[in-house]
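Below you'll find the structure, written out as structure tokens, and then a few comments.
The values are calculated or read from the model by the stated rules, or taken from the named source; none is laboratory data. Predicted model, so just to flag it, every value in this text is computed and none were measured. Cβ: placed from backbone, ideal geometry, glycine included. Neighbour counts: every protein chain shown.
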Amino acid sequence: MFHLLSALSLLLAVSALPNPSPTPTRVLAQRQEPSLQASLTYASNNPAATTNRQANPSISPELTQQLAVAATVGDRFKIIYDQGPDYWKFDFLPNSNPYGGLTLGRGGEVVLANKKNYPILWDQGVSVSLGFMNPCGMNTPHIHPRATEFNIAVSELTLPLRAGFVFENDFNLEFRVNISQYQGASFPRGATHFEMNPNCEPAVFVAAFSNDDPGLSSIANNFFRIDADIINSTLGFPREISGENIAQFATSIPTPFVVAVTECLDCCGIPY
């Protein structure tokens, strides 16, 4: 957890980003106008949607190999230093990340800085992501197999973000929380967890991880990659999802960032 606490210095700069929307004046139940276009980009009233800066540098396989075989940490930092200042900082704007570290879906997107695309993090025991959530957007249930996560809401919100996790079989009650601006919640390494924006405006969160390569496994997407007969048995041979249509059902599962919760979608006028 020391690395997670040290990562908060990185989060201070991120929290200074512009709010993704003006101060809300009405609660969710009173909002009826559509707020989200049916596209794979975050909402157009998010400043990050139209801001363009120089892209983060592409990390070549040759540079990665040099860092991997460096004899000492000092040698590794010298290699990074010699690349120049563009390699010493990381831009979390999605438009600045054409070379990886970006997860995109209808419900928003998340940009991850890890040792692969920001090599100064190599062996530092920390990585950080910035999530841009569309109205009603959800980061679907997933796990990080190698890291504990500390997630902080940084944008002004009408309603708090919804989040929760289930730890393991021995204690499988859901830890369910609401996260308002500048509040955070921790998700233990390997725990199944999610984040959901119940607002009709975009939201932004920052997440710090206790590993420079936290990993990501989306539960629904990867569960249905298992052999159909195994899934059929696991689900108790359901009638609606049978051994014959599991493969077809799996193709209908959306990418991890989705728009979700019918009550929110109805209030915001978002089709589903």
Among (1) modelled with pLDDT of 85 or more; (2) over 17 Å from the mean Cα position of the chain (by Cα); (3) part of a loop (DSSP other than H, G, I, E, B), Lys116 falls short only on (2)
Pairs, first closer than 12 Å to Phe92 by Cα and in contact (Cβ under 8 Å) with a residue 12 or more places away in the chain in region 118-135, second among the acidic types (Asp, Glu) and outside any helix (DSSP H, G or I), C-beta under 6 Å, six or more apart
Phe132/Glu109
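Can you name the residue in region 150-172 that is in a strand (DSSP E or B) and among the β-branched types (Val, Ile, Thr) and is also farthest from the chain's Cα centre (by Cα) among such residues? Steps first, answer last, please.
Just the residues of region 150-172 that are in a strand (DSSP E or B), to begin with: 150-153, 161-166, 168, 171.
Then drop every residue that is not among the β-branched types (Val, Ile, Thr), which leaves 152, 166.
Numbers: Ile152: 12, Val166: 18 Å.
So the residue we want is Val166.
Go through region 72-94 and give me each residue that's surrounded by 14 or more Cβ atoms within 10 Å (Cβ to Cβ) and over 16 Å from the mean Cα position of the chain (by Cα). So that I can check it myself, show each step before the final result.
Keep residues of region 72-94 that are surrounded by 14 or more Cβ atoms within 10 Å (Cβ to Cβ), which gives 76-77, 79-80, 83, 87, 90-94.
Within region 72-94, Arg76, Phe77, Ile79, Ile80, Gln83, Tyr87, Phe90 qualify.
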Criterion: surrounded by fewer than 19 Cβ atoms within 10 Å (Cβ to Cβ), of a type in the set (Gly, Ala, Ser), at pLDDT 90 or above and on the phi < 0 side of the Ramachandran plot - qualifying residue of Ser180, Ser210:
Ser180
Quick check on Ala147: is it part of a strand (DSSP E or B) and buried (at least 20 other Cβ atoms within 10 Å of the Cβ)?
no
Just need a number here: residues in region 244-272 that are over 28 Å from Ala228 (Cβ atoms) and in a loop (DSSP other than H, G, I, E, B).
4
